[in-house]
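Engineer: Take a look at this one; I'll ask things after.
The values are calculated or read from the model by the stated rules, or taken from the named source; none is laboratory data. Bear in mind that the values here come from a model prediction, so they are computed numbers and not experimental data. We place every Cβ from the backbone using ideal geometry, glycine too, and count neighbours over all the protein chains shown. Note: areas computed on protein heavy atoms with side chains; ligands, DNA, RNA excluded. Shrake-Rupley method; radii C 1.70, N 1.55, O 1.52, S 1.80 Å.
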Amino acid sequence: MKVIARAKINLFLEVKGYRPDGFHEVETVLQSVDLRDELTFEDSTGVEVDIAWAPGSSGPIPKRPDLVERALLLTGTHARVQVLKSIPIGAGLGGGSADAASALIVAGNRGIGADELRQAARSLGTDVPFAMKGGTAIGRGRGDELEGIPSSRAIWWVLAVPAFGISTASVYARTGVSTARHKATALTSAIATGDAVALATLLHNDLEAAAFRLAPELEEIKRIVEDSGALASVMSGSGSAIAGICADEKDARACAATLRRSVALALAVPSTPVGAEVVGQ
């Protein structure tokens with residue numbers, strides 16, 4: 001079975017408070033984009049996971065047990081898995097979560113019940129439940145209580161990814177509770193109509209200030225993204241990727257070409273209505 005695991009970006013992220021379980025209470029808008037890892041699952045008597053980088057991509061190999069292995073072990077699913085990665089690690093793009101979601105989809109196809117899959121997804125990571133569904137959604141609570149947002153057409157983005165990652169824990173530890181009280185629901189109309197210009201005015205991430213203090217280069221990359229032709233930009237999750245919204249595909253590709261002079265990786269990608277997806281057996 002072959003499964004495509006898609007990256008996500010955060011169009012909006014507000015830190016609303018602290019939770020007794022140690023996590024932050026957030027409200028976020030999540031969007032799947034067509035940057036993908038490919039996973040091939042074969043029958044096996046145990047669990048084996050081999051991870052490699054796709055041609056033209058590079059990065060560290062996750063330590064064992066990685067999220068795919070953990071997902072399979074958690075659901076008692078035996079498989080030999082080849083993971084071909086293109087989604088950068090440590091960039092706030094949810095690649096590991098998307099790979100875990102792919103493993104859970106395979107577990108579901110092998111008879112694991114929906115309730116068990118939901119529980120497994122939440123235990124593996126905040127972004128895993130969204131990665132299983134994909135599309136566009138508001139995430140509340142830890143970010144994993146999802147409410148879908150309808151979308152009429154794809155919006156084009158440019159992703160600027162530096163050569164370094166950034167610690168999620170360090171960013172959250174330096175971020176206080178927002179007092180501005182933005183509203184994730186304000187993005188709903190612009191997303192539904194595919195209005196990139198309107199959406200550009202609403203992008204927001206409370207984690208940016210802390211991330212920029214930890215890695216001042218990120219603030220400069222954000223400026224370069226907008227100077228290169230994006231309508232606006234926002235850091236995805238806790239970083240280090242900066243996502244720039246573009247008027248159309250042509251502008252996104254031109255912006256990415258300009259950015260390649262300044263950042264380690266620049267990609268033009270459209271939003272997608274799906275996350276992890278079985279594409280062949």
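Engineer: What range in the chain is the longest one free of trypsin sites (Lys or Arg not before Pro) that are in a loop by DSSP and have at most 15 other Cβ atoms within 10 angstrom?
Structural biologist: 184-259
Engineer: Go ahead and estimate [θ] at 222 nm for the chain from helices alone: -39,500 (n - 2.57) per DSSP H run with n ≥ 4, summed, over the residue count, rounded to 500.
Structural biologist: Using -39500 (n - 2.57) per qualifying helix, the result is -8500 deg cm²/dmol.
Engineer: Would you mind getting the accessible area per residue of the chain, heavy atoms of the protein chains only, 1.4 Å probe, in Å²?
Structural biologist: Per-residue value: 43 Å².
Engineer: Place a point 7 Å from Cα of E25 in the direction of its Cβ. Which residues in the range 162-191 have their backbone N less than 18 Å from it?
Structural biologist: 173, 175-185
Engineer: Between T201 and N109, what is 0.36 nm times their sequence separation minus the Cα-Cα distance? Round to one decimal in nm.
Structural biologist: Stretched out fully, the T201 to N109 stretch lengthens by 29.0 nm.
Engineer: Could I ask something else about it? What full-extension length gain, to one decimal in nm, is calculated for V278 and E116 as 0.36 nm per residue of separation minus the Cα-Cα distance?
Structural biologist: Once the chain is fully extended between V278 and E116, it gains 56.4 nm.
Engineer: Shifting gears a bit: Where a ≥ b ≥ c are the square roots of the eigenvalues of the C-alpha gyration tensor, would you call the chain rounded, which needs a/c under 1.5, or, failing that, prolate if a/b is larger than b/c, or oblate?
Structural biologist: prolate
Engineer: Give K8/K85; K8/K63; K133/K222 a once-over and call out the pairs whose C-alpha atoms are over 26 Å from each other.
Structural biologist: Over 26 Å apart, Cα to Cα: K133/K222.
Engineer: Taking K250 as the anchor, which aspartates and glutamates have their alpha carbon closer than 20 Å to its alpha carbon, excluding any fewer than eight residues away along the same chain?
Structural biologist: Within reach: D34, D195, E226, D227.
Engineer: Subtracting the Cα-Cα distance from 0.36 nm times the residue separation, let me have the gained length for E219 to R260 in nm, one decimal.
Structural biologist: Stretched fully, the E219-R260 segment lengthens by 13.1 nm.
Engineer: So, one more: Roughly how much of I4 is accessible, in Å² to the nearest 10, using a 1.4 Å probe?
Structural biologist: 10
Engineer: Under the classification rounded if a/c is under 1.5, otherwise prolate if a/b is larger than b/c and oblate if not, where does the range 163-281 fall, given a ≥ b ≥ c as square roots of the Cα gyration tensor eigenvalues?
Structural biologist: The shape class here is rounded.
Engineer: If L73, L93 are ordered by their accessible area, calculated over protein heavy atoms with a 1.4 Å probe, which sequence runs from highest to lowest?
Structural biologist: Of L73, L93, the descending order of accessible area is L73, L93.
Engineer: Give me the distance between the Cα centres of the range 266-281 and the range 14-49, rounded to whole Å.
Structural biologist: 15
Engineer: First compute the accessible area of the chain with a 1.4 Å probe, then give the percent of it belonging to carbon and sulfur atoms.
Structural biologist: Carbon and sulfur together cover 51 percent of it.
Engineer: Sequence gap at least 6, Cα distance under 8 Å: using those rules, report the relative contact order of the range 110-151 to the nearest whole percent.
Structural biologist: Contact order relative to length: 28 percent.
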